[in-house]
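The structure appears below as structure tokens.
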């Protein structure tokens with residue numbers, strides 16, 4: 001004995017009526033608005049941090065210039081480190097310990113935030 005089943009899909013208008021469509025559209029609009037607000041806040045905070053850091057670096061530079069510390073080897077603390085380690089500004093060990101390297105950070109915002 002074989003049975004045959006028929007399956008017919010209901011039209012989309014019946015599945016999602018007018019009221020349901022308004023709910024879905026409204027939820028999508030709220031989600032898009034909240035996402036836009038969050039992205040705007042992240043960008044605004046990032047810019048504020050960058051500007052504050054920039055102002056601090058300029059302030060430190062002005063302070064060092066006023067104290068006639070325009071090169072690292074003029075700094076008494078660094079000079080003391082050289083003396084303690086019996087080394088000079090261009091020794092390989094001092095270069096490795098005291099110098100920094102540049103790393104591109106343009107993609108940082110997309111990884112953190």
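Data table
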{"item": "Condition check for residue 58: within 30 Å of residue 106 (Cβ to Cβ) and either at pLDDT 85 or above or over 22 Å from the mean Cα position of the chain (by Cα) (or both)", "result": "yes"}
{"item": "Given (1) within 15 Å of the chain's Cα centre (by Cα); (2) touching a residue at least 12 places away in the same chain (Cβ under 8 Å); (3) assigned to a loop (DSSP other than H, G, I, E, B), number of the condition residue 104 does not satisfy", "result": "(2)"}
{"item": "Test: residue in the range 4-13 that is in a helix (DSSP H, G or I) and either more than 30 Å from residue 93 (Cβ to Cβ) or in the same structural domain as residue 97 (by TED's automatic domain parsing) (or both)", "result": "yes"}
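The values are calculated or read from the model by the stated rules, or taken from the named source; none is laboratory data. Keep in mind the model is a prediction, meaning the values are calculated, not measured. Note that we place each Cβ from the backbone using ideal geometry, even for glycine, and neighbour counts take in every protein chain shown.
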